[in-house]
1. Quick check: Cα centre of the stretch 579-606 to Cα centre of the stretch 412-428, how many Å?
2. Calculate, for residue 107 and residue 178, the FRET efficiency according to 1/(1 + (r/R0)^6) with r their C-beta to C-beta distance and R0 56 Å; round to the nearest 0.05.
3. Mind giving me the nanometre distance, one decimal, between the label points for residue 684 and residue 443, set 7 Å out from Cα along Cα→Cβ?
4. Under 19 Å from the Cα of residue 231, which aspartates and glutamates turn up, not counting those fewer than eight places away in the same chain?
5. Shape call for the stretch 449-592 from the C-alpha gyration tensor, a ≥ b ≥ c root eigenvalues: rounded (a/c under 1.5), prolate (a/b greater than b/c) or oblate?
6. Among 697, 624, 653, pick out the residue whose Cα is farthest towards the positive end of the charge dipole of the stretch 612-739, where Lys and Arg carry +1 and Asp and Glu carry -1 on C-beta, about the Cα centre.
7. If you filter the stretch 499-605 for chymotrypsin sites (Phe, Trp or Tyr not before Pro), then keep DSSP loop positions with at most 14 other Cβ within 10 Å, what is left?
8. Within the stretch 591-614, name every residue whose backbone N is under 19 Å away from a label modeled 7 Å from Cα of residue 556 along the Cβ vector.
Amino acid sequence: MAFAVVAYLSFVAMRSAVDAPAVGLQYRLACGLCLALLAMAMSRAKTTWVFGAVSVAYTLMLHAGIGLNIVGLASPLLWALPAMVMVVMGAAPLWLTPTQFLFGTVAFYASGLPVLLNVHGAHDGVYFVCWSWVAISFLSAAVLHGCFYWLRRNHFLLEDQLVQLAATDPLTGLQNRRAFRQGAEKLLSTPDESATFSAIFVDIDYFKSLNDRFGHSVGDQMLHEVAQILKAQTSADDNVSRIGGEEFALLRPGGLRGALGFAETLRVAISGIARPDGALTASFGVAEYRAGEGIMSLLDRADEALLRAKYSGRNRVCAERAAADDAARLKAIQSPGSDALARGASSREPLRQPWDDHYLTSHFQPLYSLSHQKQVGFEALLRGERDDGSVIAPAILFAPRPFTSESDLDRVSHALHLANAARVIPDDAWVFLNILPVSFVAEGYADQLADIARSAGLGPERVVLELLESHGGSVDDLSRAAAQYREHGFLIAVDDFGAGHSNLDRLFQIRPDLVKLDGELIRATSPGARQPILPKLVSLLHQAGMLVVVEGVETTDELILAVESNVDFAQGYLLGRPATTITPPEPVNRRIDHAFDVIAEGRAHQHARFESELHPYRLALDLAAQAYSGGVPLEEAFAPLATLELCISCFILDESGRQVGLEVNGMASAKAGDSLQPVANPRDARWDHRPYFRNAVLRPGVPVTSSPYLSLASGRPCIAVTIAVPTEQGRCVVGVELDWSLERLPWPAVD
């Protein structure tokens, strides 16, 4: 375009050299100046249509310049025709679309038509040549424009595609992190200070397990389905993005309350997506934009709320923490000396804390040491009451609220419980406080809780923090926080073990002082023999250095099982219901003492039954061993023993514990399935690590009986009876394996 301006100025100079009347030079130079300004405006056009409009003006200005320069010439067409032809052909690269080309060219010729018709002294031959050159130039320009347009079109399409790819997540079709940030910064830079925006962070729960267990293709499918929900639920005003991994972010107009409701809608919609092992869930963090802050600050607050949603159990929506004035108010009502708690200090009624449209109060449920037969602690449980004294259902009390996080309620309950406990709990008893992982790992909360306890008149060493195992949390963070609480003297307990995220690895890293077993573990039994698993679990935890509390004791049989399983502490409705006052312990002490008596009486009876069942097998094994050591063949020596009901197999082990010869199958061997076939053949197996071999060697000539064990060969609970006898080949161990899976069979009183 600059070249065209230079060419026009050359045309002006040549016209000035002709001795003929002419339009003033200043007008023709002004036309050149306009051309230069239009050329510069082209490079600043923001849209295709603006560029086209400038191009039309540019070509029309060229035409006006040509008209001004040919005024007064004897042969104006001789001067105008080459210029008009070259303008049309040279302008071909200007047009970005075919419509612009057609409109611009027609406008150019239409504006020149009056000039052509008003030329005097031209004959028909000149007009014919003129129109021929016009037609040729138009067709040539059309061809040139078509070529340029095709090249430009491919270039523009490729450029648009690259821009789109640079801003889009290829898996979900949503914006990527960079495009989201750019769009959010542009949105938040609006001059309207009254405009409100909210950010929503979304994180798919347990996403790593999808990839690990079912493959990345399943994980990709889940991401795609979540993205489709986000697209369907959001509008053009919402800025939606996948910012990495399984995390999504939204920035939408509106305040916090509306964003919380919208996030809840998304949570419900996402929970309708099926994953191979159940339903997909997601956690949400929501924060409202504060005037003057940047997008990263807003996202940080939404991310903090998301972390609390994760720590609080996932599949929920959490709002950002309260602003500074709200935090100060929360700290004030947590203080045991605050007006909210002190109002009831002079009465005998329990202290109550106003909360929303009701009151919070404390109920205490006793824990008993079974061996000491006494109350040793009380678990503080939160209850809600209305003004008329009616109790609020837990589902309503603990329901999520838009502007109050679960952690806020958790912290307020601690101050309330400690203040009430100081008034009613005996001085020699523990206070058990439930604490959410998100509160447990909060920065500085260990120091704050220790101050609250001391202010209430309770030393931290009298407080046991029950970490709610069912609410998850990073085990590394929990372990580090536990060390901080122990420095103040707090004891640590893990609650609800056996439910939620429970596993032994978490226990071994957190190293709690006490483990509270979920009540369902009392009723859990091993398959086949239907024997309780509680004794073995208690033994394992004791070996790990942890005391054991069993919850949910509701019947006398469950209390007896807890005593028999060597449980340290017990809790449940049978021992005391939650109440605002402390119930006398004497009736419960007598009940526990009765359980000990029942166990003592039943142990002798159970031992007698056990010995009675085993007696014929001991006699038969003794006779078989004597016969075998006297030279009787193996099958003949064991034939009477193999005909007994419970006999699975008879075997002989050498001094190293390896089996000698083939075993003799008994009556119960037919029950064995073939699912354990690869290990059913005992040939070359070595059994000297088993107690039934070692004990027989230590007491030669005496039949010894093992505790019940799971047989590797049959996959059933079994008991082995063995005896060490001398033979010509040296000492060996003769034994019989008995099927002990029948429910009528008694188990030994002591393992």
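Just so you know, all these numbers are worked out from the coordinates, no wet-lab data involved. The structure displayed is predicted, hence computed values, not measured ones. Cβ sites come from the backbone with ideal geometry, for glycine too, and all protein chains shown count toward neighbours.
1. Here the answer is 28 Å between Cα centres.
2. Numbers: r = 43 Å, r/R0 = 0.77.
Working from the Cβ atoms, E equals 0.85.
3. 6.2 nm
4. Answer for residue 231, where 19 Å is the Cα cut-off: 169, 203, 220, 246, 247, 264, listed by chain and number.
5. On the way: a/c = 2.24, a/b = 1.22, b/c = 1.83.
Oblate.
6. 697
7. Details: sites: 508, 569, 573, 596; in loops: 573.
Answer by residue number: 573.
8. From the stretch 591-614, the list is 591-606.
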